[in-house]
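The values are calculated or read from the model by the stated rules, or taken from the named source; none is laboratory data. These figures come from a predicted structure and were not determined experimentally. Virtual Cβ from ideal backbone geometry, glycine too; neighbours counted across all protein chains shown.
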Amino acid sequence: MSEEMQNGIKEQIISKTSSMVKKVTQELTVVEKALASLTALEHDRPVEVGEVILGGRYRIERHLYSRPRVNLYLGRATEKSDAEPEPPVSRWRFSGLWRSLVRKAEAPDKPLVAIREIILTGMDAHQRTCIETAGVNEFIEPIGLGAASLASEKDRVLVDKGRLYLILQLQSKRDLGRTEPTTLDTLLDGRPWPEWLGIPEALQWGVQLGRMIARLHRMGVVLGEIVPPTLLVDKRGLAPWAPLLLTCWPPAPRFWDVEDEDCALADFQRLFPLARGSRQNAFLAPEMLYGLYDQRTDVYALGALLYLLLTRIAPVSSMRRLQVAHHLFVDDPNEVSLIQKQEPECYEGLELIPPRFWCADISEGLERIVLKALALDPGERYDSVFDLVEALEALSIQKSSPRPRFRRFTWF
């Protein structure tokens, strides 16, 4: 082949390559512009606060929690209130008496709702159908959705724009003004500790939450972490359903339309893996930092929550405790891996402080239960949340004073 032919072929290749690059660049530009115009619902990211979803039915007030393919929000309905009735007699219009008689007090806010969002994009048709069916079955048989005394009007399961929604109404219209539902972190954030939330109430809360988590375990769901934003409480401590664990997990394998339960569990874990979480999360078991978990992981999370409720202080994170227990230190703040470190000053203040240090009114038996649940080694914890609940129920609590003595620290 002559040199001229080779040069001609090279020029043709370069020309074709340049045209292809130009075409691809133009196509990418079009795609980027299209993506920029998409809403959060069309992306695989959580909906922003203030956005209206489901055809204008609900407005998002707060994003509470996320895990892979699952988001949890608080929201309210957006329907307009009924119009004010017109007076039947014209003379009343001028006197104003009619309007004073029928004038309504300022209408309270619409009932609060919890909104669980399952992202279905990226799944095949069979998986989507399976999960949508599971969502309906879960709704029909709400074993793990909370207390039966919670308001249940207008609960619904809806699919919109590749997302499956479970809407759980948290107040009935007649309860507006009588109960004030809020999340646990909002109850405690920047405010004095509620006087009604003492040691007996904290123990009762632990038992009630433990029973709910034990039911989830029987259905094949492990939470991995139990954080205050996912717990619904009443500001005044009067609601019989409090505390309520909001639905922050996908439809359980039990409700999947699959004959083989082991296959359903495997698909569940593959489609909805647990995130490793933050190393600073005080409610995260140490094994979760490395992507490992079982029922004892939730034992640790519930123990951490009990520690908070009893002492009013969040426990030291498991990563910090590992540094103390194994003389390890995080060399790179962006890495989870640990290296050997010998300087004892690195560990100062990182150990788990026994609950009775913060509050002397906590019984020794209750302290032992909490510390066992918070063991770094899963083999040293209770084998299941049910065992932890049994230990709490069997405990005879010493009567505490009306105002237990606490050291003055904030919980976070």
Could you check region 194-203 and list, in sequence order, the residues that are more than 12 Å from Leu388 (Cα to Cα) and surrounded by 16 or more Cβ atoms within 10 Å (Cβ to Cβ)? Leu197, Gly198, Ile199, Ala202
Residue count, region 357-370, condition within 17 Å of Ile313 (Cβ to Cβ) and free of Cβ contacts under 8 Å to residues at least 40 places away in the same chain, comes to 1
Where Ala242 falls short, out of the listed (1) aliphatic (A, V, I, L, M); (2) in contact with an Asp or Glu (Cβ under 9 Å, 6 or more places away or on another chain); (3) over 28 Å from Thr129 (Cα atoms); (4) modelled with pLDDT of 90 or more: (4)
What residue, among those in region 122-147 that are under 22 Å from Pro240 (Cα atoms) and not in a helix (DSSP H, G or I), is modelled with the highest pLDDT? Glu141
Check region 337-356 and report whether any residue there is assigned to a loop (DSSP other than H, G, I, E, B), at pLDDT below 55 and surrounded by 12 or more Cβ atoms within 10 Å (Cβ to Cβ). yes
Can you find a residue that is farther than 25 Å from Pro181 by Cα, at pLDDT 90 or above, assigned to a helix (DSSP H, G or I) and within 21 Å of the chain's Cα centre (by Cα) anywhere in region 108-121? no
If only one of Arg59, Arg69 is in contact with a strand residue (DSSP E or B) (Cβ under 6 Å, 6 or more places away or on another chain), farther than 22 Å from Leu245 by Cβ, modelled with pLDDT of 90 or more and among the basic types (Lys, Arg), which one is it? Arg59
List the helices (runs of 4 or more DSSP H) that sit entirely inside region 259-329 and contain at least 1 residues that are free of Cβ contacts under 8 Å to residues at least 60 places away in the same chain, farther than 22 Å from Pro228 by Cα and acidic (Asp, Glu). 261-271
Being surrounded by 13 or more Cβ atoms within 10 Å (Cβ to Cβ) and modelled with pLDDT of 95 or more narrows it down to one of Ala360, Ala373, Ala325, so name that one. Ala373
Restricting attention to region 381-403, which residues are surrounded by fewer than 16 Cβ atoms within 10 Å (Cβ to Cβ) and at pLDDT below 95? Glu390, Glu393, Ala394, Leu395, Ser396, Ile397, Gln398, Lys399, Ser401, Pro402, Arg403
Among the residues of region 367-392, count how many are in a loop (DSSP other than H, G, I, E, B), more than 16 Å from Leu305 (Cβ to Cβ) and among the charged types (D, E, K, R). 2
Considering each of Pro240, Pro228 in turn, give the residue that is within 18 Å of the chain's Cα centre (by Cα) and of a type outside the set (D, E, K, R). Pro228
Odd one out for Ser278, checked against (1) surrounded by 15 or more Cβ atoms within 10 Å (Cβ to Cβ); (2) of a type in the set (Gly, Ala, Ser); (3) within 19 Å of the chain's Cα centre (by Cα): (1)
Tell me which residues, restricted to region 244-258, are in a loop (DSSP other than H, G, I, E, B) and either over 16 Å from the mean Cα position of the chain (by Cα) or of a type in the set (Ser, Thr, Tyr) (or both). Thr247, Trp256, Asp257, Val258
Among residues belonging to region 225-243 that are β-branched (Val, Ile, Thr) and outside any loop (DSSP other than H, G, I, E, B), point out the one that is farthest from Gln280 (Cα to Cα). Val233
